[in-house]
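Before any comments, here is the structure.
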Amino acid sequence: SELIRGFLLSGMPCPSSCPPGLLALMAPGLALMATFSLPSQAGDRRALPVEKHPGVKGRTLILLDVNTKSPVRIISENFLSLQLDPSIIHDGWLDFLSIAALVPLPQGLFQLVLQHFLGRFGDLHGRRAGGLAISLFSFPFAVDIVRSDIALDKQKGCKIAQHPDIMLELQREKAAQMHLVLLKEQFSNTYSNLTLTARSLDKLYNFADCSGLHLIFALNALRRNPNNSWNSSNALSLLKYSASKKYNISWELGNEPNNYRTLIGRSVNGSQLGKDYTQLRSLLQLIRTYSRAHLYGPNIGRPRKNVIAFLEGFMKVAGGTVDAVTWQHYYIDGRVAKVTDFLKTRLLDTLSDQIRKIQKVVNTYTPGKKIWLEGVGTTSAGGMNNLSDSYAAGFLWLNTLGLLASQGIDVVVRHSFLDHGHNHLVDQNFNPLPDYWLSLLYKRLIGPKVLAIHVAGLQRKPRPGRVIRDKLRIYAHCTSYHNHNYVRGSITLYIINLHRSRKKIKLAGTLRDKIVHQYLLQPYGKDGLHSKSVQLNGQPLAMVDDGTLPELKPRPLRAGRTLVIPPLTMSFYVVKNVNALACRYR
């Protein structure tokens, strides 16, 4: 089998008549003026005045305004994306992709990525690692396809399967056993053979097509000729088969090519991979169905010194060949992670430096080329139970989305939707985990236009020679145009409070005296930050039934009210009817 990666991008909420698919003010008595600004936010850094009430020692009012005239960045409509682990083929979950309880979940979100297989197409075998990848992209209108539409579309042959409970239980037992096998393979760096047949490809494409998605397929780059050039014979067979079926697919070649020495015993440098991509582009142009297909890569690992050199070699040769440059990032080793790790501002900020390194190389060779973070997770090595799948992991995830958007990364692919580890968004009973609800709110409320914020009044006591890391993270976007509950011109803020005390924010400037809708996510239950359940504005979130999401109800706040951000929480605030010039038009 070849490496499979899939993206599912959509996230448009249905109109209110459509069934839910699973898919401020200066206070009087000014006594002291102080000025501060957030160093980590994009855009205008001009400070705003901050007041302190007389007689209240140490109280600083946080004022927040947003530049509503023009966006500082515009990201892809399909910004938030998702991966599936390759183990779904190995452990049998592939056959359950189309069950009634699973199909609606990704439709409410984003890209669906079936990630990281390595091997050959057809009946031949290869090691599980990185080669063939299928990425599923749904277009913005795809969310209008609700569950009943898919089930009744006889002409396209779309059907949601209904598996008996006993089959699901047996599958979970099989997956649990396979999880142990895969962990052993990870630690020993030896991988068993795996087969992806034409029938498996047909299942994946049918799933994508019936869900209104677009496939991106990463071919196996590890098959090498004696001179170390790419052996494209098996890829050509796959291309011809896909073309004969008229499959609409985009393409990639390989996965983390900087690590090939550990997989095949010999390395492939960036220049050689660039030549391989040029060869693939020539192959695509020979096949009418794919003569204008998109091509993405090189999907390198974290940009350390040797990886940067690899990317430079690739960009020199094939920078103009790919439609977007891709790389991966995982924050910490899931085997040693602790809950306090997810609260460390230094860890949250590591991604920003990685972004700058990638952008520097890309802009040197192909200025303006789109960049994707095609593979990101809070932890590597499969994650840790009750940690990387808990509420606490959301701090890293939401901050990742904010940093990437504010620094101009076009698409981010989250690892993963459903897999053998603990980085996933739904568990093996198909129940959404905290990061799922966080992602769903993001897709429903956040549009592609990124706005600059102006913040003043954050209290700090800097130590000489020490970098100050903010524990209150604030990002702003135009509200999603696809959300029919809000008129164009509205603005959505999302806020991460890592402080162990509540923070108060007063909306100022163009946001003053506007009605605000609050979406406050907090852990639910006695487990606190370790919880796998969340509450929205005090109400627990859970599926209504196998195929229906709950209504995500906001809490209206009166105009001019101070926003009170509870400690260790994540929240979204839609500022209604701002009539922001930057947000009126698409």
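The values are calculated or read from the model by the stated rules, or taken from the named source; none is laboratory data. Source: prediction; values computed, not measured. Heads up, the Cβs are rebuilt from the backbone with ideal geometry, glycines too, and the neighbour counts pull from every protein chain shown. Note: areas computed on protein heavy atoms with side chains; ligands, DNA, RNA excluded. Shrake-Rupley method; radii C 1.70, N 1.55, O 1.52, S 1.80 Å.
The 1.4 Å probe gives accessible areas that order 289, 197, 569, largest first, as 289, 197, 569.
With 26 Å as the limit, the listed pairs 503/576; 370/504; 344/526; 203/275 have 370/504; 203/275 beyond it between alpha carbons. Residue order by solvent-accessible surface for 558, 584, 414, 502 is 558, 502, 584, 414, largest first, with ligands and nucleic acids left out and a 1.4 Å probe.
Hey, if we sort 544, 307 by accessible area with the 1.4 Å probe, largest down, what's the order?
Numbers: 544 95, 307 5 Å².
Per-residue accessible area, sorted high to low, gives 544, 307.
Taking all protein chains as they are arranged and a probe of 1.4 Å, the heavy atoms of residue 413 leave approximately 0 Å² accessible to solvent. Taking all protein chains together and rolling a 1.4 Å probe, residue 287 ends up with roughly 30 Å² accessible.
Ranked by the mean number of other Cβ atoms within 10 Å of their residues, highest first, the peptides 388-400, 364-376 come out as 388-400, 364-376.
Taking the Cβ-Cβ separation of residue 169 and residue 545 as r and a Förster radius of 22 Å, what is the calculated FRET efficiency to the nearest 0.05?
Numbers: r = 19 Å, r/R0 = 0.86.
E(calc), rounded to 0.05, equals 0.70.
What figure in square angstrom, to the nearest 10, would you give for the accessible area of residue 543 with a 1.4 Å probe? Near enough 40 Å² of accessible area.
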